[in-house]
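Remarks on the structure that follows.
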């Protein structure tokens, strides 16, 4: 173990050595005082990670060196539930993101994760009194061991894919959310994830359980400062929507251009439950992310609405997966991508209907916008239908930015950047409409910044 | 206000306007009539600075400024406004958002509530229902609705020189009257503003008071006169004004 304290006794942080082995995994588990079953779970996942080959499809991961990453970094000690207690430099970073203000005004609760550990978590009393749980996932394991064990890794098993296995071995932080039966949380819960150290991996693990007739909207924002070296963000997010519940999960990520973002997100929707993934992907070097909904119960509904923006040297390989496993289920996928300055976007989707189902309705729409001739977009929609009574619609379009529209707008006094931003904002409007107001404003601002960057 | 001298305009290696001269005084309304392909829309586009139009000789001065070197976006800020023959749709952007943006970049400011009130007034003036504010900009609009929305933009930007490029094409009588009246009222209220009306037909002139009427053929002005000329063209056709 490295020095965690300076001579004066101040905490200066802990960082696991680079690379991954059984010792490092065991150390993480020990630091967290985990029960034996979790240590075993981690070690088993490590074996799976090492046994599985790198994916041979999708984005280019050849530059990602597994040995050149710190798999656990704790830069701040302790979890806080009062904003005043958070150390000043970290507070300044989050202040810029507007967290405390936002919490006061329009959220049911807020969490913040810095590198590997959650440093701040607070749920408003109103919801705590109703039995809602909003904790970092490590505390969830300690405080609700039975509930945790009942659902943890039931939606995404370690062997699902190489990066789910990696997360299972070294996971740290993330959110544990439990909404009791019949409780409708009408304000969003919000979590922020920040990678501050370079050459590190952030492996948060989020588990949301919505009991029957409950509802919850969870919003996560992700960011990282620009640094010279690659970092890895490899989260696992599991949603369990029990009968008649509703879960909406909104992500706005704006990673810096050296982050590999390889995330596994999946939901199970039981009878009459509905799940929405709203997924906004800006930044990162490579993103591979395909939020999935398994429609397990009859009359369940699933919706995946996403946008991806890829600029210079960026690859956004994203999409969505819906698996209909019960009759009378409906699904909807809307995917919008924008490629500029030689950036590359890929829509990769799966729509699957298993055997002997009735009354399946599904709509898939993916639209790509190319801002210049150097950029690229590809679409790989996989459709696998094994039942007859299905109503499936699939639409895909690729368009180049329309010069006549630009001319029209510029004749009204808009600059070329302003005109492009307006066209792009219109293109992603169906996504922006799904966001809480202040996020919608933020997205419009991000698009303007992206368009300014694309000049010259 | 606007001096066009011996201007030749080229599009895709072809001279579409040849050695044309025209002078527009402050407060005047000039009508340019002519057949398809006579170069009148090219002249309109070129005045606004659309990129496909290259002025290969001659000069264009607007308010003592060499217009040829000014970008399209700055021409708008100088007070030029072109109502397009076929206005474009901007899917996903509401009419309100669009109008708010062009109003802001023109350097004008109003509180959201006052701006809303202004738009209500302008939409009513051109005969568009207020619900149009929340529809996608020109998305699934009829020809007449698009043209009325061009006039809303004109009223919002308060231009010094209005160029109406076949604003009357595809309009029914009601829309024609409404648009004609709006333009005439604007010119009466803004005495220093001028207008160039480009058209095939005389009928919009029922609602406007032209200072001069010009006939354009094969890229240049072949005949000029007063309002009476438009009636003669209607009776005799353009052929009698050939060279």
**Request:** Answer yes if at least one residue in segment B:27-43 is exposed (fewer than 15 other Cβ atoms within 10 Å of the Cβ), more than 18 Å from residue B:198 (Cα to Cα) and touching a residue at least 12 places away in the same chain (Cβ under 8 Å), and no otherwise.
**Result:** no
**Message:** Quick check on segment A:313-323. Is at least one of its residues touching a strand residue (DSSP E or B) at 6+ places or on another chain (Cβ under 8 Å) and not in a strand (DSSP E or B)?
**Reply:** yes
**Item:** Count of residues meeting criterion [assigned to a loop (DSSP other than H, G, I, E, B), at pLDDT 95 or above and within 27 Å of residue A:232 (Cβ to Cβ)] in segment A:267-304
**Value:** 2
**Message:** For residue A:369, only one of the following conditions fails: (1) within 12 Å of chain B (Cβ to nearest Cβ); (2) in contact (Cβ under 8 Å) with a residue 40 or more places away in the chain; (3) surrounded by fewer than 17 Cβ atoms within 10 Å (Cβ to Cβ). What is its number?
**Reply:** (3)
**Request:** Quick one: count up the residues across segment B:110-147 that are more than 21 Å from the chain's Cα centre (by Cα), within 14 Å of another protein chain (Cβ to nearest Cβ) and part of a loop (DSSP other than H, G, I, E, B).
**Result:** 2
**Item:** Verdict on residue A:333 being away from chain B (no Cβ under 14 Å), surrounded by fewer than 19 Cβ atoms within 10 Å (Cβ to Cβ), in contact with a strand residue (DSSP E or B) (Cβ under 8 Å, 6 or more places away or on another chain) and at pLDDT 95 or above
**Value:** no
**Complete:** Here the residues within segment A:232-278 that are farther than 21 Å from residue A:155 by Cβ and under 16 Å from the mean Cα position of the chain (by Cα) are A:232, A:252, A:254, A:255, A:256, A:259, A:260
**Item:** Check on residue A:339, in contact with a strand residue (DSSP E or B) (Cβ under 9 Å, 6 or more places away or on another chain), over 28 Å from residue A:391 (Cβ atoms) and not assigned by TED's automatic domain parsing to the domain that holds residue A:61
**Value:** yes
**Asked** Out of A:120, A:178, which single residue is touching a residue at least 40 places away in the same chain (Cβ under 8 Å), closer than 25 Å to residue A:244 by Cα, in contact with a strand residue (DSSP E or B) (Cβ under 6 Å, 6 or more places away or on another chain) and outside any helix (DSSP H, G or I)?
**Response** A:178
**Request:** Test residue A:452 against the criterion of being more than 13 Å from every other protein chain (Cβ to nearest Cβ) and more than 30 Å from residue A:303 (Cβ to Cβ), and give yes or no.
**Result:** yes
**Prompt:** Does residue A:350 satisfy the condition of being surrounded by fewer than 21 Cβ atoms within 10 Å (Cβ to Cβ), under 24 Å from the mean Cα position of the chain (by Cα), in a strand (DSSP E or B) and in contact (Cβ under 8 Å) with a residue 24 or more places away in the chain?
**Reply:** yes
**Fill in**
Scanning segment A:404-432 residue by residue, those facing chain B (nearest Cβ under 7 Å), farther than 13 Å from residue B:49 by Cβ and not in a helix (DSSP H, G or I) turn out to be A:414, A:415
**Prompt:** What do you reckon, is residue A:216 assigned to a loop (DSSP other than H, G, I, E, B) and in contact (Cβ under 8 Å) with a residue 24 or more places away in the chain?
**Reply:** no
**Item:** Residue under evaluation residue A:400, criteria (1) more than 14 Å from chain B (Cβ to nearest Cβ); (2) in contact with a helix residue (DSSP H, G or I) (Cβ under 6 Å, 6 or more places away or on another chain), criterion not met
**Value:** (2)
**Residue, farthest from the other protein chains (Cβ to nearest Cβ), within segment B:69-81, restricted to residues that are over 24 Å from residue A:424 (Cβ atoms) and not in a helix (DSSP H, G or I)** = B:70
**Asked** Residues in segment A:71-82: is at least one assigned to a helix (DSSP H, G or I) and out of contact with any helix residue (DSSP H, G or I) (no Cβ under 7 Å at 6 or more places or on another chain)?
**Response** no
**Fill in**
When segment B:1-17 is checked residue by residue, the ones that are in contact with a strand residue (DSSP E or B) (Cβ under 6 Å, 6 or more places away or on another chain), more than 17 Å from residue B:198 (Cβ to Cβ) and in a strand (DSSP E or B) are B:3, B:5, B:6, B:8, B:10, B:15
**Selection from segment B:84-109 of residues that are in contact (Cβ under 8 Å) with a residue 24 or more places away in the chain, more than 10 Å from every other protein chain (Cβ to nearest Cβ) and outside any loop (DSSP other than H, G, I, E, B)** = B:95, B:96
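The values are calculated or read from the model by the stated rules, or taken from the named source; none is laboratory data. This is a predicted model, so every value here is computed, not measured. Note: ideal-geometry Cβ built from the backbone for every residue, glycine included; neighbour counts use all protein chains shown.
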